[in-house]
């Protein structure tokens, strides 16, 4: 997913504020699911399922700056019965800026207890 860095994404030095990379990755995951025709709002309302971030591992290699054009990726690496592990590198052209892995847990919306990922979501998730 392409992301343009705006002034609102940066600190006083014009460098992307570290927490904003997490926002960029969230958008990429959401668009990945949207492209796979997975409507998270529907699954929440009709089936009481949510995906929550359980763990993030992030390495900062190079800074992004104001007006950079970034490529934010969301690649599914591992499916487990109630979780998904994704790799989410961020590039500026060929330069790797961020290495990241994100573990998402599928939970019951009412109890927040882990629950199995519905088969139709698992089958639809071909985000690459």
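Only the coordinates and a few stated rules stand behind these numbers; no lab work does. Just so it is clear, the structure is predicted and the values come from calculations on it, not from any experiment. Neighbour counts are summed over all protein chains in view; Cβ atoms, including those assigned to glycine, are modelled from backbone coordinates with ideal geometry.
Just so you know, the Rg over Rh for the chain is 1.01, from Cα atoms, with Rh as the Kirkwood radius. Our helix-only sum for the chain, with -39,500 (n - 2.57) per DSSP H run of n ≥ 4 divided by its residues, gives a mean residue ellipticity at 222 nm of -7000 deg cm²/dmol.
Multiplying the residue separation of residue 44 and residue 79 by 0.36 nm and removing their Cα-Cα distance gives an extension gain of 10.6 nm. Calculate the length of the line joining the C-alpha centroid of segment 16-39 to that of segment 63-126, in whole Å. So the separation of the two Cα centres works out to 8 Å. In segment 36-100, inverting the average of 1/r over every pair of distinct C-alpha atoms gives 14.1 Å as the Kirkwood radius.
Which residues does a label at residue 7 reach in segment 56-76, if reach means a backbone N under 20 Å from a point 7 Å past the Cα toward the Cβ? It comes to 64-70, nothing else. Here segment 6-73 yields Rg over Rh of 1.07, to two decimals, using C-alpha coordinates and the Kirkwood radius. Stretched out straight at 0.36 nm per residue, the stretch from residue 61 to residue 110 would grow longer than its current Cα-Cα span by 13.7 nm.
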